[in-house]
1. Once you sort the root eigenvalues of the Cα gyration tensor of the chain as a ≥ b ≥ c, which label holds: rounded (a/c under 1.5), prolate (a/b larger than b/c) or oblate (the other case)?
2. Rank these for me by crowding, C102, C83, going from fewest to most other beta carbons within 10 Å.
3. Would you give the gap between the C-alpha center of region 419-441 and the C-alpha center of region 171-206, rounded to a whole Å?
4. Assuming a strict under-24 Å limit between Cα atoms, what lysine pair count do you get for region 34-382 once near-sequence pairs (fewer than 8 apart, same chain) are dropped?
5. Can you give the extra length, in nm with one decimal, that the chain gains between Q228 and A457 once fully stretched, where that is 0.36 nm per residue apart less the Cα-Cα distance?
6. Filter the chain for me: DSSP H helices, axial length by Cα at least 20 angstrom, mean Kyte-Doolittle hydropathy not below 0.5. List them by residue number.
7. Do the sum for the chain: with -39,500 (n - 2.57) for every DSSP H run of n ≥ 4, divided by all residues, what is the mean residue ellipticity at 222 nm, to the nearest 500 deg cm²/dmol?
8. Contact order normalised by length for the chain, with contacts defined as Cα pairs under 8 Å and 6 or more residues apart; what percent is it?
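Since every read-out is calculated from the coordinates, none of them should be taken as a lab result. Remember, predicted model here, so these are calculated numbers, not experimental data. Because the Cβ atoms are built from the backbone with ideal geometry, glycine has one as well, and the counts that use them run over all protein chains shown.
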Amino acid sequence: MINIMRLKTFMTTAAALSLSLLAGSVQSLQAVEQTNFVVIFADDLGYGDLGTFGHPTILTPNLDRLADEGQKWTQFYSAANVCTPSRAALMTGRYPIRSGMCSSRRRVLFPDSAGGLPQSEITIARALKSLGYRTAAVGKWHLGHLPQYLPTSHGFDSYFGIPYSNDMDRDGAKSPKGREAFWNPGSEYWNVPLMRNTEVIERPADQTTITKRYTEAAVDFIHENQDQPFFLYLAHNLPHVPLFRSEQFSQRSARGLYGDVIEEIDWSVGQVVQALKDTGNEENTLVVFTSDNGPWLVFDTHGGSAGLLREGKGSCWEGGMREPTIFWMPGTVQPKVVTDLGSTLDLFPTILSMAGAGTPADRIYDGFDLSRTLAGESRSPRLSMIYYWGEEIWAARLGAFKAHFTTKTEYVGQKAVKHDPPLLFNLNEDPSEKYDVAADHPAVLERIAELVKSHEAGVVKAPTQLTALELPTNKPSFLIK
Ligand code: MG
């Protein structure tokens, strides 16, 4: 049934579109209820860490149900193997090399960083806001913590969360040295701020209740905006180390603390879905669940598992960038296991398409519209993936084959190794990247070289935002320790 308020908003949307604020081509406009969007983004969750993706002891009944009722994508990629560039890619639909949100020297933003996502970039939130959507960011941002870079400066009506990673702002006076702090973590060891919009409301943030409080904020937002189109970006700080969970989930999982954390995130997914059901938005909301990069393997059992994939976070091996991904929208997303390629780069054009608009025409996008694949009408339009390590291309996939030009095992002090000829793996037959078949497929290597050359020819590299440091005198008072 068409909700009257939504129809009204739709008419406003049509007017906004006719102004062509986004300078994009308007695709099919139909007088139907506008689709809501909920993107749930985990931090450092491994490919093998959900029940539905094969974990033997972590129980994720809510996510498993969404995968059964929706689509489980088994070859879905984040566009980078660490936090900041991965999030920039999701938000903008563009490889971070185009926005300056990557660096080979300083790979993510830190509390002393001066940079962030430039205003010239258009986020999913800003694009949807111009279509009449209400927008909220809840959780980790990591695209700049200074006021001009926060979610509220990038198209979000509201923000509630920790603006960067939960292991930053280490307080040396309160925290044990080295890894000891992570094995038995206390919230007070990391002096991270919790913000509401542009204000710090708690510092250090109590991380034991952070997943619970993010969930409450998400559920409240859905209830408050149930009669108008909305976009909710719910980006959990966990399971990035240090690991925290609320009392309710303590000592629950056979997998230990890490399992407790995932099971609380799974509970959170269940709460969000219940809120959609309670407000009658179950069938007109696309829910997407994925992760920003692979598991942080050097943290032993405090890091996750990439399952059968090789290596993890920081790496261009599959474990660094292939993410457990689920799409759910009863009646629209056709239940299926999808083995075609997809990427977080594709969320921008997919969401805009499902909102009845095209992507802005004034810039290059790296994503594809997956909406017909979600509807079960076609194969995924994505046939390739470029794997960046900072500002450099270290690997590329075309169809089943992936070539590595440079490899490195991350976080163990290893130097990068260049490969000429490149290593070549058939990922359909060998997802664990064990058997180099370069010698058997010179023509495939040539085609992948052409793919990379063509991609590079279309890239105008933006100056990096990740290396500039904030002078202490310029810091907002909340950042001065
Ligand atoms: Mg991460």
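1. Details: a/c = 1.28, a/b = 1.05, b/c = 1.22.
It comes out rounded by the Cα gyration axes.
2. Details: C102 30, C83 25.
In increasing order of surrounding Cβ atoms, one gets C83, C102.
3. 43 Å
4. For region 34-382, qualifying lysine pairs total 11.
5. Details: separation 229, 0.36 × 229 = 82.44 nm, distance 4.21 nm.
Full extension of this stretch gives 78.2 nm more.
6. On the way: long enough: 4-18 (21 Å, 0.85); 210-224 (21 Å, -0.35); 257-278 (31 Å, 0.14); 442-457 (23 Å, 0.09).
Helices passing the filter in the chain: 4-18.
7. On the way: 11 runs with 113 residues, N = 481.
About -7000 deg cm²/dmol.
8. Working: 1137 pairs, mean separation 119.1, N = 481.
Here the relative contact order equals 25 percent.
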